[in-house]
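The values are calculated or read from the model by the stated rules, or taken from the named source; none is laboratory data. Please read all numbers here as calculations on a predicted model, not as lab measurements. Backbone-built Cβ (ideal geometry, glycine too); neighbour counts: all protein chains shown. Ligands, DNA and RNA are stripped out before the accessible areas are found, and what is left, the full protein with its side chains, is counted by its heavy atoms. Shrake-Rupley method; radii C 1.70, N 1.55, O 1.52, S 1.80 Å.
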Amino acid sequence: MAKVEGILSVDNELFRTYLFYGCILALKVLVMAPLTAVQRFKHKAFANPEDTVMHKVKPKTQDNVERVRRAHLNDLENIPIFLMVSLAYILTNPAVWFATMLFRVFTLCRILHTVVYAIVVIPQPARALAFFGGLAVTAYMSVQALIYFM
């Protein structure tokens, strides 16, 4: 087994790559709250009755807002698990190019999931493909880490 100190060092290219894509994913999650607010104001679909009074609008359906909110929730369900699993995967000392590709695929899938679900709504299977692409990456890394650490 490789020494953890060397693997979890900023001198390790793969660990730096993990941190880079982890920060992109963190920013993606952070952007979802303002995106939800933009949808609420754009469609005058507020979450609370007191907000409708404050903005002098009648309560409306929140379909567009709910799409963004559900995409945000989906990120919160998937990204932390990916970050935990990918850290374990790094400790297996995988090929840098392959692990980097997995990080990129997951990140791209999460961004595409939000785009096709909440920003430019595209019919299925677009959202499912984006979701399952990211899920496959996380599952693969989980299995590899489990096998390594048995």
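When L25, L108 are compared by accessible area of protein heavy atoms, the largest-first order is L108, L25, using a 1.4 Å probe. The alpha carbons of the chain occupy a box of 63, 31, 24 Å along the principal axes, longest dimension given first. Determine the shape class of the stretch 75-115: with a ≥ b ≥ c the square roots of the Cα gyration tensor eigenvalues, call it rounded for a/c under 1.5, and otherwise prolate if a/b is greater than b/c, oblate otherwise. Oblate. Taking all protein chains as they are arranged and a probe of 1.4 Å, the heavy atoms of C23 leave approximately 80 Å² accessible to solvent. When +1 charges are put on Lys and Arg Cβ atoms and -1 charges on Asp and Glu Cβ atoms, the dipole computed for the chain relative to its Cα centre reaches about 680 debye.
Counting helices only, and only those DSSP H runs with n ≥ 4, report the 222 nm mean residue ellipticity of the chain as the sum of -39,500 (n - 2.57) divided by its residues, in deg cm²/dmol to the nearest 500.
Rounded to the nearest 500, it is -25500 deg cm²/dmol.
Working from label points 7 Å from Cα in the Cα-to-Cβ sense, the L108 to L73 distance is 2.9 nm. May I ask you to give the percent of accessible area on the chain that is carbon plus sulfur, with a probe radius of 1.4 Å? Carbon and sulfur atoms account for 70 percent of the accessible area of the chain. Given a Förster distance of 25 angstrom, what is the FRET efficiency for L87 paired with V31, based on the Cβ-Cβ distance and rounded to 0.05? The computed FRET efficiency comes out at 0.65.
Label zone of A139 (point 7 Å out along Cα→Cβ, amide N under 20 Å): in the stretch 89-119 this covers 89-90, 99, 101-114.
Converting phi to 3J(HN,Hα) with the Karplus coefficients 6.51, -1.76 and 1.60 and the offset θ = phi - 60°, the stretch 117-129 yields 9, 10, 9, 10, 4, 10, x, 4, x, 4, 5, 5, 4 Hz in sequence order, with x at every glycine or proline. Only Cα pairs under 8 Å and 6+ residues apart enter the sum, and on that basis the relative contact order of the chain stands at 27 percent. Sorting 11-21, 128-138 by their mean Cβ neighbour count within 10 Å, with the most densely packed peptide first, gives 128-138, 11-21. Per residue, the solvent-accessible area of the chain (1.4 Å probe, heavy atoms of protein chains only, all protein chains present) comes to 60 Å².
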